[in-house]
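J.: Below you'll find the structure I mean.
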Amino acid sequence: MSTQVHANLTEEQVRTISEDLDEPEWLLETRLDALAALEDLEMPSVIRTPGRDWTNLDALEYERIVDPLDRSQEKDRVEAEGVDVLSWSEALSEHGDLIEDRFGSVVDPQRDYLTALSTALFSAGTVIYVPEGVDAEDVKIRTRMHSQSLFNYTLVVAEESSSVTILERQTTGTDLEDKQYYSGIVEVDAAENAHVQYGALQNLSEETYNFSVKRGHADTYATVNWIEGNIGSRLTKTSVETRLIGDSSESKIVGAFFGHEDQHFDLASRVWHEGEHTVADLVTRGVLDDEARSVYEGVQDVGTEAWDTSSYQRENTLMLSDESEADASPKLIINNHDTEASHSATVGQVDAEDLFYMTSRGIGEKRATDLLVEGFFVPVMEEIAVDELREDLDELVVERLQR
């Protein structure tokens, strides 16, 4: 490993964060174990071809941009009736045993270097607890980052036959001009017959390095759906994952991104079919302009006991300039013959005939291109079931086109 970010981290800093949040001893030990593990952990896996890593995480300037004790932020939480939406300290006080039981059960705190770094240093935490039988919508979390680095953690526990829709937004304060680092870990535990829909919209400043892991476990008849929009950041490395553990569980992963200038998006969607009669649908669409670059990896993994599996994946990228670059690696891993599955990925430019048709009818080339881009996003917008997120994302796409 060429970067030694832990060289400027100390055990005392970790103890200070834990003490400020009034955490129990077991959680402090989890943090310290993660800090100690940095010495031996590798960076998150990236796609590699001979002689090239598609994303170079070791090149990031961690030592200069990670300041563990500078964690200024604005955090707004909007809760729905019957649901607890709590800050980390409040949640530990009210649901300490539940957190001890579920923390790190979905996302391994030491799964890789950057996840362990987040485990050791997170200070912006939220716990969403949905009791059995509760049906809730419009839970919202808004994080506005005002510090050089910020480590965020979200735990969602949906008990049996409950339902919740969550909308998360991340932005950066206008008072920041230097490089920043934002890290977010999301764990979703959906019990039998629970339904969790988690939408996230990232519009961080374009001087921000962004790392996130969102992972859910779905029990019998449970559903975990993800919606992720990426507009901001200088570099984003994100993984959105679901384990379909229970029979008849389902997951949909919907992604949209729009890169310009020298932005870099490394996006991974993964689903593991483990129970019988499971269903998954992975849909991603993105647009690249200027010298922006995208890397996409989608994996559908069908286990030996996953009888009667249905799994679909499609990724499409539209290129608006000759200098932009896109790579896609959709994968099927099938270990059960009773499977219906497919995957596809396309990369292309604005259709010349469509553009000619529109300009020949009096529409300017710029306006025609903008309309075609907006039309390109329509199929993925239609997959977004959260109205507010769809409207916000559409507004950001139009704003990007106008710029």
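The values are calculated or read from the model by the stated rules, or taken from the named source; none is laboratory data. What you see is a predicted model; the values in this text were computed from it and never measured. Cβ coordinates were reconstructed from backbone atoms using ideal geometry, including for glycine residues, and neighbour counts include every protein chain displayed. We work out accessible area using only protein heavy atoms, side chains counted, and drop any ligands, DNA or RNA first. Shrake-Rupley method; radii C 1.70, N 1.55, O 1.52, S 1.80 Å.
J.: Probe of 1.4 angstrom, ligands and nucleic acids ignored: what's the accessible area per residue over the chain, in square angstrom? List each step's numbers first, then the result.
T.: On the way: 16400 Å² over 403 residues.
On a per-residue basis, the chain sits at 41 Å².
J.: Each label point is 7 Å from the Cα along the Cα-to-Cβ direction; what then is the distance between the points at residue 36 and residue 192, in nm?
T.: 3.9 nm
J.: Leaving out ligands, DNA and RNA, what percent of the accessible area of the chain is carbon and sulfur, probe 1.4 Å? All intermediate terms of the calculation are to be shown ahead of the outcome.
T.: Working: 6790 of 16400 Å².
Its accessible area is 41 percent carbon and sulfur atoms.
J.: Per residue of the chain, what 222 nm ellipticity follows from adding -39500 (n - 2.57) for every DSSP H run with n ≥ 4, rounded to the nearest 500?
T.: Numbers: 8 runs with 94 residues, N = 403.
Helix contribution divided over all residues of the chain: -7000 deg cm²/dmol.
J.: Between residue 76 and residue 26, how many nm apart are label points set 7 Å from Cα along the C-beta direction?
T.: 3.5 nm
J.: Name the GluC sites (Glu not before Pro) in the stretch 165-217 that are in a loop by DSSP and that have at most 12 other C-beta atoms within 10 Å, would you?
T.: On the way: sites: 168, 177, 187, 192, 206, 207; in loops: 177, 192, 206, 207.
Sites meeting the loop and neighbour criteria: 177.
J.: I would also like to ask the following. Can you tell me, using C-alpha contacts under 8 Å and at least 6 residues apart, the relative contact order of the chain as a whole percent?
T.: Details: 1003 pairs, mean separation 38.5, N = 403.
Over the chain, the number comes to 10 percent.
J.: Filter the GluC sites (Glu not before Pro) in the stretch 64-123 to those in DSSP coil with at most 16 other Cβ atoms within 10 Å of their Cβ, and list the result.
T.: Values: sites: 74, 79, 81, 90, 94, 100; in loops: 79, 81.
Taking the stretch 64-123 and a limit of 16 other Cβ atoms within 10 Å, the loop GluC sites (Glu not before Pro) found are 79, 81.
J.: Turning to a different aspect of this structure: For residue 277, what charge total do you get from the other residues with a beta carbon under 9 Å from its beta carbon, if Lys and Arg give +1 and Asp and Glu give -1? Show your work: numbers first, answer last.
T.: Values: positive: none; negative: 247, 276, 308.
Net of charged neighbours comes to -3.
J.: Loop-only check: which trypsin sites (Lys or Arg not before Pro) in the stretch 323-393 are DSSP coil with at most 10 other Cβ within 10 angstrom?
T.: Answer in residue order: 361.
J.: Please give me the summed charge of the neighbours of residue 29: other residues whose Cβ is under 12 Å from its Cβ, Lys and Arg +1, Asp and Glu -1.
T.: On the way: positive: 15, 31; negative: 11, 23, 25, 33, 100.
Around residue 29, the surrounding residues sum to -3.
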